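Every number in this text was worked out from the coordinates using simple rules, so none of it is lab data. Keep in mind that what you see is a predicted model, and the values were worked out from it rather than measured. Neighbour counts run over all protein chains shown; Cβ positions are idealised from the backbone, glycine included.
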Amino acid sequence: RFRCGGRYGYVTCLSVAISVLISGIALAIFYSSHTNTGVPISSNSPAQHNNNNTKTLSIPSSYGDIAPPVAAPPPASEALYIYPSDPRLHIHGRHKKVSKSEIIADWSGTRIIMEFSGSGAIWANLSAANLSSAYSRKEGYWCPLYQEKYIKLHAANQPALCPFWFDVWDVYIDKQHAATLRIDTLNADVEKQPLLAIRAAGVGLNKTKIHQIMLFKRTGPKKGGTSFGGFILENQARVHRFESEYLPDRKIEILGASEENGECALGSRKDFYSSLLESSRVAYGSVLGDYFQADYHFVALGSADLVGGEPLAKPDSGPFLKYYKRALYGVSGDDWDFNSYIPNIVLIANGITDWQNGVGNNTLMPKFANNLAQLLTTLRKQYPETWILFVPWQAQQIRGVTAGVDLYQRQGANNDTKVVIQVDDLSRNLIRRH
């Protein structure tokens, strides 16, 4: 039990509410024999566990930024370099392999995990990718629109972050939040001083113990892409192979917009464009992944709309299907390999932005339904056996999703019983009133 506001931001409250909403049906999917007994619309009935092994949904303890330790990396002759291509590293989330020594990630929730011993400190090679002009640090839309808000924020509590936005990664050492890394160093400066990209992630470690490090990309794709060049350890260190904590038959994919990325999750609504107050670590996709020991991929895009091109819509935000197919949001023509990750459940929360663009229902509904049907067709082609679970939470959004699913079924998918619209009783009553 908690109250929204203060330590718990608006999106964090929403994440927990949606997590509880989804947990019942997700539990049934993960533990069932996967028979085709899906229903078009499901009311929320969270599963109750009356045994000694009850797990409760919890919010990760990742609030607030932790200043990274200050420690110079060892000279090359005394260092052990572990590159992204090393099979002992576990990399979760969409990313692009540039070379043996570099990957690029821009979708939120990317995790890089490694276990090691014999080193009293560890460093990570992280720098801004600057993939394209689509990134918000260069865009000309939000900044003029919200300039007054930025000025107030600057005067009230923090530096204005417009137009310079950046990626933020959290470091976890042995499951504990150990540092917050801001990827806000200009590449021109990194070129002059390459050590600026080498960031201390943990110091004072017991060399006799096996440690686990996880880098967690908590910001969404519009905050900038990150180039990861590997870890650096002291040269007497050893890197260990380990079993993933995620169960092999549990995978989730999360589609959506800013809420799914955890924008404003660490603050209030007025702060939701700040890199430092965004965290998908406390968004419902991560919460559910931790709860079910399921791997998860975020494919969520702030301000994303299914239709695109409507009044107030952003040219780099829709139609969503165009960006969904990409390995990197900021790079076109380089599609994601869908065979590399096949989820059991796809969670879809798209449609919020479409209905905030001031377009009348009669104008937008046919376009929205058509684009949603196309998205469903694409998903079903890639994932023939996957459950597709919609989690709308606004009345107009629910109506649009219902129209899109209906069109998808009328176009030849009437026997697809693994598409579910999950709403709570409050939303049901809201629909009836409207």
Response to the item:
Scalar couplings 3J(HN,Hα) for segment 281-292 by Karplus 6.51 cos²θ - 1.76 cosθ + 1.60 (θ = phi - 60°), nearest whole Hz, x for Gly and Pro, are 5, 10, 7, 5, x, 5, 4, 5, x, 5, 5, 9
Practice prompt. Return the sequence-ordered ³J(HN,Hα) values of segment 195-201 in whole Hz as given by the Karplus equation 6.51 cos²θ - 1.76 cosθ + 1.60 applied to θ = phi - 60°, using x for Gly and Pro.
Written response: 5, 5, 7, 8, 10, 5, 10
Fill in: Karplus 3J(HN,Hα) series, Hz, for segment 215-230 with 6.51 cos²θ - 1.76 cosθ + 1.60 (x for Gly, Pro)
9, 10, 7, 9, 9, x, x, 6, 8, x, x, 10, 9, 10, x, x
Worksheet item: When ranked by the protection proxy of mean other Cβ atoms within 10 Å per residue, highest first, what sequence do the peptides 102-111, 184-193, 394-403 form?
Response: 102-111, 394-403, 184-193
Discussion item. I need the peptides 281-290, 335-344 ranked by packing, meaning the mean over residues of other C-beta atoms within 10 angstrom, with the highest value on top.
Written reply: 281-290, 335-344
Fill in: Sequence-distant residues sharing a close amide H with Y296 (under 5 Å, placed H)
I252
Practice prompt. Once you have a ≥ b ≥ c as the square roots of the Cα gyration tensor eigenvalues for segment 174-287, tell me rounded if a/c is under 1.5, and otherwise prolate or oblate according to whether a/b is larger than b/c.
Written response: oblate
Response to the item:
Under 5 Å from the placed amide H of E234, counting only residues 5+ away or on other chains, we find L80, G120, A121
